[in-house]
Amino acid sequence: MEEKIDDLLKDKTSQIYKNFEDIVNINSFSSNAEGIDKVLNQIVKIASSLDIPLQTVYSSKKVRPHLMYGKDKKDDYYAFIGHFDTVHSPKSDFKTMSEVDGLLKGPGTNDMKAGLIVALYSFYILQRLYPDAQLPFKILFNSDEETGSGDSREIIENEFKGALAAFVFEPGRPNGEIVTRRKGIASLDIEVIGKPAHSGVEPWEGINSILGACEIIQKLEALNDYENGIIVGCNEIIGGVARNVVPANTKIVVDVRFSTMAQQKQLFSDIENILTLKNLAGAKVKYDLHVNRPPLEKSEQSDRLAKLYMDISNSIGIKCEEIATGGGSDGNFLSAMGIPVVDGMGAVGNFSHTKKEFIYKESLIYRIKIFVLFMSQLLDNKDTISKEKI
Ligand SMILES: [Zn+2]
């Protein structure tokens, strides 16, 4: 089988790179509606040249277009998940792909246009390896992952209930690691409300909201437990109006991350206890604490899938380990639905979200090969992983 995959890949190599360059060169910043439409059309074109009919889908709010394959599938399929938006503004001078010393640099190369190519070409090759089979795949490429998947979350949660497992084509980490755990992410916005007063005439009549905020920040920061994956970052503070006014309003913007649902429960209760404390220099507190993405947790099943993927990669001489990361992806939503998720199935590169972003050119090809070998094991059921077990 390996030889056949190599032959198919060899045949398609130049087309793979051409397709990749074409989508990288179209700006698809999340809020660039025109660019999103353009890249969507280009991806549909590439997919249809590979006999994969993608269709445009919308959430019930019809905010923006996303792409799916296999929408009608209800059960027993594998989910392929990716996004075609990027964080790079059309105003940026980081516009097109370039090749430097075996690296393909460009906006969205690593995160995650290469992953889209890996998913589509893996599907194409698997279809050639199993010409008589109706492959049990269902794909979603969304257009708002970088802004938190506010619109597409509904589609993910409605359409993927019946997935056996989900594979997310976000980039592999710099040393080729796949991702088996991601932290959950919550936003905490705090408003500390004091009382204004002239700071030279009668400061004792005022209530200093900055003082109250300082007390809160120190208590919140004490909740940090990096070793166990808990992060509470008071990272932005807005307060005060002038040198001679006791500040009546201070806002604190907090980034909250956790590794498991159990941690989240405890952490939220600790945070709420701090924010409902009396005293706080006499100030009052209003706050909004909500989960943006639940954690992607490792399960017995996802562990088994990840091990199989790593074994296959290592067996063809490409070192692959697993890693946990603090950043979220749409894999987090799927994991919270109880679906085994393995993430980081895309190409291998680095510096996502910066102008240094790149992938290793070769990884675009060998990651397809690894994923095809991996998926063929699942389809053949030769491995210890059976559908029942997943
Ligand atoms: Zn991404």
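The values are calculated or read from the model by the stated rules, or taken from the named source; none is laboratory data. Source: prediction; values computed, not measured. Note that we place each Cβ from the backbone using ideal geometry, even for glycine, and neighbour counts take in every protein chain shown.
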Filtering strands (runs of 3 or more DSSP E) wholly in region 132-200 for at least 3 residues that are surrounded by fewer than 21 Cβ atoms within 10 Å (Cβ to Cβ) and away from the ligand (no atom under 16 Å from the Cβ) gives 184-193
In region 359-375, the residues that are among the aromatic types (Phe, Trp, Tyr) and under 10 Å from Ala114 (Cβ atoms) | Tyr360
Within region 108-131, considering residues that are among the aliphatic types (A, V, I, L, M), within 16 Å of the ligand (Cβ to nearest atom) and out of contact with any strand residue (DSSP E or B) (no Cβ under 7 Å at 6 or more places or on another chain), the one farthest from Asp6 (Cα to Cα) | Ile117
Return the only residue of Thr86, Thr109 being in contact with a Pro (Cβ under 7 Å, 6 or more places away or on another chain), β-branched (Val, Ile, Thr) and at pLDDT 95 or above.
-> Thr86
Does Arg128 fit the bill of being buried (at least 17 other Cβ atoms within 10 Å of the Cβ) and not β-branched (Val, Ile, Thr)?
-> no
Criterion (over 28 Å from Tyr124 (Cβ atoms) and more than 16 Å from the ligand (Cβ to nearest atom)) met by exactly one of Asp76, Asp51, Asp93 = Asp93
Kindly establish whether Lys71 is under 24 Å from Lys161 (Cβ atoms), more than 16 Å from the ligand (Cβ to nearest atom) and part of a loop (DSSP other than H, G, I, E, B).
-> yes
For region 260-347, please list each of the strands (runs of 3 or more DSSP E) lying entirely inside it that holds at least 1 residues being surrounded by fewer than 17 Cβ atoms within 10 Å (Cβ to Cβ) and more than 16 Å from the ligand (Cβ to nearest atom).
-> 284-293, 322-325
